[in-house]
Each structure stands twice: as C-alpha cells, then as structure tokens.
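Asker: This is the structure I want to talk about, given as structure tokens.
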Amino acid sequence: MFSYVAKGTQNYEAQIDPTNPNQAKWVFIEPVANLYDEMGTCVITHYKGPTWKYTADGSTVKGKMIASMSAPSPSENIPWLLLESVENKGTGLLSNINRIQRLNTQGGVAPATAPSLDKVGTVIKIPYTAVYYFFKNTNNE
C-alpha cells in the first residue's frame, strides 16, 4: 500500500435536467488532478475513467466505485470512495493495483444552485484535494 496527496479539480458541466427540460443541473464529467509525493513531485496524473497514470513508467489503473461514504463535512467536500481496478496497463507501479481509496477530501462539490438554462454546455472546475491510497494485489496472478 502507498498513498499520495492529490490537488486538482472536479469538473462539472451544466446540462438539461432530463426529468425537467425547463431546468439545468450540474453534472460531474471528470476529475483532473496531480498526485504528489512527500518531496512535492508530481508522480501520478488522475483523469477521466477514473484513471491514474504513473509518470515514471506509464503504467495505469482504471477504477470503478464499489463504495462511497459522505465526507465529515458532506456539504463542502466530495465523498470518500473505495474503487476496484477494472483495467491495469503496463508493467510498472500501477500494473498490479486492485483497490484505490480516496479519503480526506477537501472541496470539489458542485454548486448547490442550479445553473440557468443559458449556461448549458458551460464547464466549471471546482478545486479539491484528497489522499489516494493504492493497494496492490498480493496474489501471484
């Protein structure tokens, strides 16, 4: 197991609410973040998928959420998550990761106020930080 601190944005797009075409709502589209080691060096990039890519060797892990828990201040901070690997690529650091956990989130929540219809298509980037924990598959598979 290893962990890194992430700094980035949770990105949302104003879209027509399918249950009420006279209203718009903020819809999550992707995370964009860098994960840093204790020296402040970016070691992993995090993007749509959700996917993490180790910068030193190009290995990646793509996850799927299996559990979610409200952060201690849920109105201000995105949830804590547990994800399982659905795809690993490469032969490097992330090639045998089977679980990812997101904890200690700060920020990243979409605005509580719905966007106006004239804002449909607008993307907003909400800053967030978190700690991501990566768990390796201990089986020799």
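Asker: Of all residues in the stretch 1-17, how many are aliphatic (A, V, I, L, M), under 17 Å from the mean Cα position of the chain (by Cα) and open to solvent by 50 Å² or more (accessible area, probe 1.4 Å)? If you could, list the steps in order and put the result at the bottom.
Answerer: If we filter the stretch 1-17 for residues that are aliphatic (A, V, I, L, M), which is where we start, we get 1, 5-6, 14, 16.
Narrowing further to those that are under 17 Å from the mean Cα position of the chain (by Cα): 5-6.
Checking which are open to solvent by 50 Å² or more (accessible area, probe 1.4 Å) leaves us with 5.
Residues in the stretch 1-17 being aliphatic (A, V, I, L, M), under 17 Å from the mean Cα position of the chain (by Cα) and open to solvent by 50 Å² or more (accessible area, probe 1.4 Å): 1 in total.
Asker: Just the residues that are closer than 19 Å to LYS64 by Cα and either small (Gly, Ala, Ser) or surrounded by 19 or more Cβ atoms within 10 Å (Cβ to Cβ) (or both), please, taken from the stretch 109-131.
Answerer: If the condition is that a residue be closer than 19 Å to LYS64 by Cα and either small (Gly, Ala, Ser) or surrounded by 19 or more Cβ atoms within 10 Å (Cβ to Cβ) (or both), then ALA130 is the only one that fits.
Asker: Further, regarding this structure: Please return the ranges of strands (runs of 3 or more DSSP E) entirely within the stretch 1-87 where 3 or more residues are touching a Pro at 6+ places or on another chain (Cβ under 6 Å), at pLDDT 95 or above and within 17 Å of GLY108 (Cα to Cα).
Answerer: The qualifying strands (runs of 3 or more DSSP E) are 2-17.
Asker: Would you point out the residue of the stretch 88-119, among those that are of a type in the set (D, E, K, R) and either assigned to a loop (DSSP other than H, G, I, E, B) or touching a residue at least 24 places away in the same chain (Cβ under 8 Å) (or both), that is farthest from TRP26 (Cα to Cα)?
Answerer: LYS89
Asker: Would you be able to say whether some residue in the stretch 78-87 is in contact with a helix residue (DSSP H, G or I) (Cβ under 6 Å, 6 or more places away or on another chain) and either open to solvent by less than 50 Å² (accessible area, probe 1.4 Å) or small (Gly, Ala, Ser) (or both)?
Answerer: Scanning the stretch 78-87, I find no residue that is in contact with a helix residue (DSSP H, G or I) (Cβ under 6 Å, 6 or more places away or on another chain) and either open to solvent by less than 50 Å² (accessible area, probe 1.4 Å) or small (Gly, Ala, Ser) (or both), so the answer is no.
Asker: Go through (1) modelled with pLDDT of 95 or more; (2) closer than 23 Å to THR41 by Cα and name the single condition PRO115 misses.
Answerer: The single condition PRO115 does not satisfy is (2).
Asker: For the stretch 21-39, what are the residues that are of a type outside the set (A, V, I, L, M) and open to solvent by 50 Å² or more (accessible area, probe 1.4 Å)?
Answerer: PRO21, ASN22, GLN23, LYS25, TRP26, PHE28, GLU30, ASN34, TYR36, GLU38, listed by residue number.
The values are calculated or read from the model by the stated rules, or taken from the named source; none is laboratory data. Just so it is clear, the model here is predicted, and its values are computed rather than measured. Note that each Cβ is placed from the backbone with ideal geometry, even for glycine, and that neighbours are counted across all protein chains shown. SASA here: full protein model, heavy atoms, side chains in, ligands and nucleic acids out. Shrake-Rupley method; radii C 1.70, N 1.55, O 1.52, S 1.80 Å.
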